[in-house]
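In what follows, a single structure is set out as structure tokens and then discussed.
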Amino acid sequence: MSAQRHDTPVDVADTAAIISLPQEQWRASGIQIEAAGEEPLDRVLRLTGQISLNQDRVAHIYSMVEGTVDDVSVRLGQTVKSNDRLAVIHSREVGSAKLALYQARLQLELARAKNELQATIAANATELLQSLRDNVDIQEIETQFRDRPMGDFRERALASYAAYLKSDADVERLEGVSQSGAVSGKTLLAATAKRNADQATFQARIEQIQHELQTTTLMSSQAVKEGEAEVLVAATNLQILNVDAEDIAEIDPAKQGETLSHYAIRAPFDGTVLSKDVVLREQVRPDVMLLSIADLSTVWVVANIYEEHLPYLDSFKDQTITLRNDALPAQVFKAKVFYTGEIMDEATRTISLRAIADNVDHRLKPGMFVNIELPIRQSESVVIPSAAVQQHEGKQFVFVHQGNDQFQRRDVIVGATSGNSIVVRSGLQKGESVVTAGGFILKSQLLAELLGDE
């Protein structure tokens, strides 16, 4: 083996040091050469985080009405299902609202009955008027419409019709004998005038009845609409107070009595009772929280990202992170990042990160500290096998193949490792050939020749 000589002493830190090793000795020395690559390097950022409630699944329960607590159905820490009854409030406001709805329903029922009767009367009277226009015999009309309801329209229409028929019959009788001189022309003329007046009265009466039928039918129909609107308003008022739909449908003061004023507070979703500040016979108001419920089937993981990791912040979104807790060494949990904050805390110089984790078995407890492993993918970096890096007197270097039998010692600054690879932050370019095995032989030769020069 021979080394390139220098006119001045060269120490191991000299990055221009050249070592020569004939190729026929490479195999025996275990020399292997590999080009420096460039690839993304994954590494893991380790943080400490804390488990907190999923704020999207927390409910603070208030009463929407004033009243007295009549029943409390749950205890602290109890698991409840959606729509389970939590408490019952005795409320005058709810009782009055239910009575208003009950009365509105009765009025609507009456209005509908009246409207149905009016529709029947209108249909019968309209048919009667058409028979009168067609000059149907009055006896036949009496028989046909005797048992059909139509109010006083029957009497009024038939009276004017009968008067007209009598006047018309008188004219026909007088016309039959006027040729014989038995009656004067003046009498016939008077009878004719009376018939015409009775006919006009009959026609006017028909028009009047038709108008009244239209008006009364319209009014009865409008009364039904008004009744429906009153029921809708009264029912909506109860819905705004969050009264159960079943309670709204089954209002009956006779059966329910004072329980009509009961106002049930129910669970908005499946969860666990975390706080309970309500007792029997207590007076409650809408501005006082009674209970709080949280769905613990999922929890949030809260961690702080330090300023030095801000370049990776965007890459954290939607990442799956690993959680561990010292009290549960055998358990590994997963969570998915859904939020990285936009504002840095001035005191801690950190940005908040939040992830959501499944917690069906409730092993992750809000307030618990966890160790977080957050994968980071860096930008393209120069990467070489870790075995290529040599060390001496606190410095790191590699041997770069210069062609033929020559190798140059090159100082490098390295970064993170991943498996058997290491990032070279400076001192080496992509594609340069480095010694990945047998470097110890070159290092030994370099040190020996330098000692010899001294």
Give the ranking of ARG146, ARG154 by solvent-accessible surface, highest area first, calculated with a 1.4 Å probe. ARG146, ARG154
Between beta-carbons, use under 15 Å as the cut-off and find the net charge around LEU296, counting Lys and Arg +1, Asp and Glu -1. -1
Calculate log10 I(q)/I(0) of the stretch 79-137 for q = 0.16 Å⁻¹, where I(q) comes from the Debye formula with a single equal point scatterer on each Cα and nothing for solvent. -0.75
Along the Cα→Cβ direction, 7 angstrom out, place labels at GLN391 and ASN83. What is the inter-label distance in nm? 6.8 nm
Round to the nearest 10 and report in Å² the accessible area of ARG173, as given by a 1.4 Å probe over the protein chains' heavy atoms. 140 Å²
Dimensions of the stretch 332-390 along principal axes (Cα, Å, largest first)? 49, 34, 20
Just want to confirm a number: the relative contact order over the chain, from Cα pairs under 8 angstrom separated by 6+ residues, in percent. 32 percent
Quick one: length gained pulling ALA254 to ARG173 fully straight, 0.36 nm per residue minus the C-alpha distance? 22.2 nm
Go from 0 up to the bin containing the longest alpha carbon distance in the chain, width 20 Å each, and give me the % of pairs per bin. 16, 20, 18, 15, 14, 9, 6, 2, 0
If amide H atoms are built 1.01 Å from N in the plane of the peptide, which residues on other chains or at least 5 residues away come under 5 Å of the amide H of LEU45? LEU374, ILE376
Using the Kirkwood formula on alpha carbons, the hydrodynamic radius of the stretch 99-229 in angstrom works out to 17.3 Å
Accessible area (Å², 1.4 Å probe, nearest 10) - SER82: 60 Å²
For the pair THR120 and GLN203, what calculated FRET efficiency results from E = 1/(1 + (r/R0)^6), where r is the Cβ-Cβ distance and R0 = 22 Å, to the nearest 0.05? 0.30
So the label point goes 7 Å from the Cα of THR320 along Cα→C-beta, right? Which residues of the stretch 328-366 then have their backbone N under 16 Å from it? 332-338, 355-359
At R0 = 30 Å, how high is the FRET efficiency between LEU328 and GLU38 if r is their beta carbon distance? Nearest 0.05 is fine. 0.15
Counting only protein chains, not ligands or nucleic acids, how are PHE369, PHE153, PHE407 ordered by accessible area (probe 1.4 Å), most first? PHE369, PHE153, PHE407
With a 1.4 Å probe and all protein chains kept in place, how much accessible area does LYS225 have, in Å² rounded to the nearest 10? 120 Å²
Would you please give the residues with an amide H less than 5 Å from that of LEU86, counting only those at least 5 places away or on a separate chain, with H modeled from the backbone geometry? ILE265, ARG266, ALA267
For the stretch 354-454 the translational diffusion coefficient, Stokes-Einstein from a Kirkwood Rh over Cα pairs at 37 °C and viscosity 0.692 mPa s, in µm²/s, is roughly 193 µm²/s
For GLU346, GLU127, GLU93, the accessible-area ranking with a 1.4 Å probe, largest leading, is GLU346, GLU93, GLU127
Viscosity 0.890 mPa s, temperature 25 °C, Stokes-Einstein D of the stretch 255-400 from Kirkwood C-alpha radius, µm²/s: 120 µm²/s
Tell me the Kirkwood hydrodynamic radius of the stretch 44-145 in angstroms, computed as one over the mean inverse distance between distinct C-alpha pairs. 21.4 Å
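The values are calculated or read from the model by the stated rules, or taken from the named source; none is laboratory data. Computed from a predicted model, the values in this text were never measured in an experiment. Every residue, glycine among them, receives a Cβ derived from its backbone with ideal geometry; neighbour counts consider all protein chains shown. Surface accessibility is based on the protein's heavy atoms, side chains included, excluding ligands, DNA and RNA. Shrake-Rupley method; radii C 1.70, N 1.55, O 1.52, S 1.80 Å.
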